[in-house]
Amino acid sequence: MTDLKNIRNFSIVAHIDHGKSTLADRLIQMTGTVAERDMKAQLLDAMDIERERGITIKANTVRIDYPAKDGQHYVLNLIDTPGHVDFGYEVSRSMQAVEGSLLVVDATQGVEAQTLANVYQAIEADHEIVPVLNKIDLPAADVDRVAEQIEDVIGIDATDAVQISAKTGIGIPDVLEAIVTRLPAPEGDTEAPLKAMLVDSYYDAYLGVVVIIRVIDGKIRKGDRIRMMKTGGTYPIDRLGVFRPKMENIDELGPGEIGFITASIKQVRDTRVGDTITHERKPCAEPLPGFKPSQPVVFCGLFPVDSAEFENLRDAIEKLALNDASFSYEMETSAALGFGFRCGFLGLLHLEVIRDRLEREYDIDLITTAPSVIYHLHMKDGTTVELHNPADMPDLTYVDHIEEPRIKATILVPDEYLGDVLKLCQDRRGVQLDLTYAGNRAMVVYDLPLNEVVFDFYDRLKSVTKGYASFDYQMIGYQQDFLVKMQILVNDEPVDALSVMVHRDRAEARGRAMCEKLKELIPRHMFKIPIQAAIGGRVIARETLAAMRKDVTAKCYGGDATRKRKLLEKQKAGKKKMRQFGKVEIPQSAFINALKMDD
Amino acid sequence: MTEDWRNGGFGLYIHWPFCQAKCPYCDFNSHVAATIDQSRWQAAYLSEIRRLAALTPGRVLNSVFFGGGTPSLMDPDVVHAIMDEIRACWPTANDLETTLEANPSSVEAGRFRGYAQAGVNRVSMGFQALNNDDLRRLGRLHTVEEAFAAYDTARAHFDRVSFDLIYARQDQTPDAWRAELSTALSMGIDHLSAYQLTIEAGTAFGDRYDRGKLRGLPDDDTAADMYFITQELCERAGLPAYEVSNHAKHGAESKHNLIYWRYGDYGGIGPGAHGRLTLNGTRMATETPLFPTKWLEMVENSAFSDFKTIAIEPTEQAAEYLMMGLRKSTGISQNRFASIGGAPLKTNVINDLRDLDLIALDQDRLRATPKGIAVLNAVIRELLPDG
């Protein structure tokens with residue numbers, strides 16, 4: 001057990017690519033926590049996807065021993081928090097588990113939208129914040145301007161910002177000293193009943209569920225029987241330890257300390273982020289405040305391209321869900337796509353990460369249907385129904401009004417692209433809340449319907465700003481609007497997987513765009529195919545895919561019989577794998593590409 | 001019960017695998033050789049004819065076809081010896097058709113008299129195009145002027161003369177094709193094969209196409225236009241299509257090719273030749289080694305290890321009958337399809353295709369409409385039983 005005054009717990013707040021992981025690596029390396037030969041870039045990002053995308057999905061912790069200039073030995077606990085708003089609640093819990101933050105800003109880039117979102121979380125958690133200017137060795141670094149921006153935009157004092165280059169190691173000792181001297185020590189009562197926060201958890205094939213905890217009060221030892229206060233589960237502790245960043249067993253954790261436990265917990269689902277862990281026999285009186293079960297906000301259907309792969313997809317989804325309690329799924333059948341799953345995600349990034357992992361780690365080709373948000377249907381009989389899937393939309397005569405979720409989006413953009421960004425936001429039914437300048441960058445804040453953002457807003461934003469905009473959002477609640485279900489009919493048959501909820505005023509444009517896209521995406525058939533968008537029974541857009549005019553082998557004589565027959569039989573077998581809808585075969589790619597708009 | 005092949009007749013295909021040059025669009029089994037020992041080849045062909053005759057004794061032979069390669073490079077004496085052997089081996093039909101594929105060059109025209117004396121009564125000439133620039137692009141060694149002269153010579157020696165044209169060539173417009181085809185039809189021909197240029201894998205054009213270097217090919221819609229122009233002009237000239245790419249005056253159809261499309265029996269002789277032979281009541285697919293010298297040596301040594309004879313499943317036979325038969329304007333017999341494969345065509349599919357005006361029924365006959373023939377591959381894929 002470490003003396004409270006010699007503990008410092010902190011997180012690092014940064015925008016993607018501003019150097020958070022490199023700084024973490026450098027702190028670990030410079031304190032000798034990891035032997036030189038074991039160093040690899042981005043030690044804390046365990047998953048391939050985390051490393052590739054430069055984002056953190058699960059919280060990681062590392063315990064660093066640091067002999068400070070005052071002659072004392074300190075224990076520094078770094079929690080590497082998830083860096084994306086999709087994981088906002090998880091971020092907030094990680095933030096609650098530490099007392100201070102390093103705010104890392106790239107001195108060549110300045111403050112970005114994500115920096116803001118995360119730093120506000122840190123401020124909300126009452127953190128002491130130490131600004132760190134990174135990449136000062138680069139010619140493009142503008143330390144004074146960026147420091148000023150931190151003060152203007154974020155409103156914290158940047159005069160004592162630590163100037164570093166995480167890449168070359170410049171300034172790292174100053175960061176370590178700043179952590180010890182400028183961040184507060186944790187508080188806690190060794191003698192009180194055990195109270196610890198469940199910061200995050202993950203599934204390990206050998207150990208079962210590994211739970212990351214922060215002890216607030218009391219002591220926890222191997223063999224203790226613990227209780228999860230929200231989920232009610234009780235477990236004997238098998239292992240207790242800390243990350244350096246490899247797991248290292250220890251006998252006891254006391255107040256202010258961060259470490260892990262394993263306790264024969266089978267599913268990540270049994271461990272809820274933010275839950276309070278206490279002793280079964282002598283529990284604490286009150287659980288920690290702020291616990292929220294995670295709520296998916298974006299839904300989509302995942303179907304195997306090859307319907308024979310359904311069982312493999314089920315296995316894969318079940319395995320993934322073991323390690324991700326925030327991801328929900330239930331079986332779904334679609335007339336167009338057969339058996340699949342309706343899945344709920346914390347946000348778009350979460351959706352992409354899960355889909356990538358299914359395709360990559362489990363080698364399953366997937367069809368992803370249009371992402372949808374949760375609509376609140378206020379029925380005429382006074383009840384409220386949550387609509388996760390446009391295909392389930394009830395008859396309008398029973399619906400009084402519909403509410404949709406809205407977000408507050410913060411976008412930072414160089415001013416030459418501001419016009420395009422404003423147009424994009426207006427086109428997506430946005431309401432401008434704020435527009436300010438910080439140097440030559442504009443910060444725009446928009447109130448936007450989430451359903452206009454879930455699909456390709458971020459792609460469009462990147463494309464109109466040539467990648468220079470940064471974007472972040474938070475949910476702000478529900479609002480009534482004139483929403484309708486738009487169906488797509490291919491050859492006069494509705495294709496449920498292509499149904500979308502749209503605002504009535506946007507329906508014609510959306511419908512036209514989808515019909516035009518589908519006309520390109522569906523191959524010609526032996527007959528002409530009408531492609532229509534309709535609201536209720538009314539067609540609002542129509543395209544016609546002309547019939548195939550010629551598909552015949554020019555030469556077929558005696559020597560060709562075997563080969564040509566085999567070719568036709570093979571083509572026939574290939575057709576069976578396509579998704580047949582009525583008499584029309586729709587290629588997999590059409591389901592997602594039909595929704596991409598080039599506005 | 002009568003064996004099914006009798007509905008289509010019996011023919012003999014003889015493959016001569018050599019060419020003076022390889023055409024860039026051609027994916028046939030053809031080779032360029034510096035010297036060819038024609039007497040050695042003659043002996044091998046005769047030996048194969050005798051072997052085949054022993055398997056099919058007493059059958060009436062309806063047709064012989066010399067294909068290639070370029071069979072007009074064969075010495076007329078070799079053709080003569082082969083024809084003598086054939087007549088000695090099988091009873092031949094009174095109207096035996098003997099076709100030889102010929103290049104329309106002056107050198108080859110010089111051999112026409114000899115071929116006629118050997119018994120060849122029909123030639124099929126590889127014109128391919130009626131302008132010299134395009135002939136060069138297609139890798140052809142003859143000129144238009146030579147082709148016309150060779151055609152006149154052929155008319156003097158053979159009862160029936162046909163020629164081939166290729167359309168949808170690089171930079172060809174529908175109007176240019178219309179003009180070219182009109183010229184061809186004004187020559188008083190009674191048979192014409194008009195093929196859409198098909199880019200085949202493994203050919204020089206195929207390689208160029210894959211590298212994006214084969215420019216100016218008409219797009220699919222333009223090629224379809226050219227196909228329909230072909231139908232229209234040939235029909236008007238009294239040469240309606242009796243098969244996808246073949247047009248003839250009534251009675252001038254190629255008897256030999258009709259054996260394939262009627263799913264009759266045919267023996268395949270020569271390197272890489274395929275056959276369909278009903279032996280002891282079972283329809284077999286036969287295939288010989290592709291490479292000329294290998295085939296030659298194996299025949300000479302009576303070592304037939306690489307000569308394949310494989311029984312064709314009834315459902316596969318039915319699929320072949322369907323695929324070949326629907327190419328003809330007269331289509332197929334539904335009863336015959338059912339009796340070959342053991343199951344009839346599916347009524348719901350037939351009805352769907354009829355609704356789309358892609359096929360038509362006339363009692364037992366089922367045929368593709370002109371619109372249906374243009375998309376025949378799709379029609380066949382629909383009609384094929386699920387595998």
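It is to be established whether one or more residues within segment A:536-546 are over 30 Å from A:Met393 (Cα atoms) and within 7 Å of chain B (Cβ to nearest Cβ). The answer is no, given that none of the residues of segment A:536-546 is over 30 Å from A:Met393 (Cα atoms) and within 7 Å of chain B (Cβ to nearest Cβ).
Among the residues examined, B:Ala303 qualifies as out of contact with any Ser or Thr (no Cβ under 8 Å at 6 or more places or on another chain), of a type outside the set (Lys, Arg) and either modelled with pLDDT under 95 or not in a helix (DSSP H, G or I) (or both). The single condition from (1) crowded, with 20+ Cβ neighbours inside 10 Å; (2) more than 14 Å from chain B (Cβ to nearest Cβ); (3) not acidic (Asp, Glu) that A:Tyr478 fails is (1). The residue of segment B:312-329 that is farthest from the other protein chains (Cβ to nearest Cβ), among those that are part of a loop (DSSP other than H, G, I, E, B) and either in contact with an Asp or Glu (Cβ under 9 Å, 6 or more places away or on another chain) or buried (at least 16 other Cβ atoms within 10 Å of the Cβ) (or both), is B:Ser329.
Taking the listed residues B:Arg336, B:Arg367, the one that is part of a strand (DSSP E or B), more than 11 Å from chain A (Cβ to nearest Cβ) and basic (Lys, Arg) is B:Arg367, with no other qualifying.
For residues that are among the polar types (S, T, N, Q) and in a strand (DSSP E or B), scanning just segment B:66-108, find the one that is farthest from B:Thr153 (Cα to Cα). Here the residue is B:Thr92.
Kindly indicate whether any position in segment A:405-415 is crowded, with 20+ Cβ neighbours inside 10 Å and charged (D, E, K, R). Yes, segment A:405-415 has at least one match. For segment B:237-251, filtering for residues that are of a type in the set (Gly, Ala, Ser) and touching a residue at least 12 places away in the same chain (Cβ under 8 Å) leaves 4.
Can you tell me which residues in segment A:520-535 are assigned to a strand (DSSP E or B) and either among the hydrophobic types (A, V, I, L, M, F, W, C) or within 10 Å of another protein chain (Cβ to nearest Cβ) (or both)? Of everything in segment A:520-535, those that are assigned to a strand (DSSP E or B) and either among the hydrophobic types (A, V, I, L, M, F, W, C) or within 10 Å of another protein chain (Cβ to nearest Cβ) (or both) turn out to be A:Ile529, A:Ile531, A:Ala533, A:Ala534, A:Ile535. Answer with yes or no whether A:Tyr206 is free of Cβ contacts under 8 Å to residues at least 24 places away in the same chain and among the aromatic types (Phe, Trp, Tyr). It is true that A:Tyr206 is free of Cβ contacts under 8 Å to residues at least 24 places away in the same chain and among the aromatic types (Phe, Trp, Tyr). With respect to B:Asp352, is the statement that it is on the phi > 0 side of the Ramachandran plot and either outside any loop (DSSP other than H, G, I, E, B) or surrounded by fewer than 22 Cβ atoms within 10 Å (Cβ to Cβ) (or both) true? No; evaluated as a whole, the condition is false for this residue.
Among the helices (runs of 4 or more DSSP H) confined to segment B:128-203, the ones with at least 1 residues that are within 14 Å of another protein chain (Cβ to nearest Cβ) are located at B:174-185. Test B:Arg50 against the stated conditions and say whether it is basic (Lys, Arg), surrounded by fewer than 23 Cβ atoms within 10 Å (Cβ to Cβ) and either modelled with pLDDT of 95 or more or on the phi > 0 side of the Ramachandran plot (or both). Yes. The single condition among (1) out of contact with any Ser or Thr (no Cβ under 8 Å at 6 or more places or on another chain); (2) facing another protein chain (nearest Cβ under 8 Å); (3) not polar (S, T, N, Q) that B:Ile350 does not meet is (2).
Just to be sure, is A:Lys528 of a type outside the set (S, T, N, Q), modelled with pLDDT of 90 or more and touching a Leu at 6+ places or on another chain (Cβ under 8 Å)? The answer is yes for A:Lys528.
The values are calculated or read from the model by the stated rules, or taken from the named source; none is laboratory data. What you see is a predicted model, and the numbers here were worked out from it, not measured in a lab. Virtual Cβ from ideal backbone geometry, glycine too; neighbours counted across all protein chains shown.
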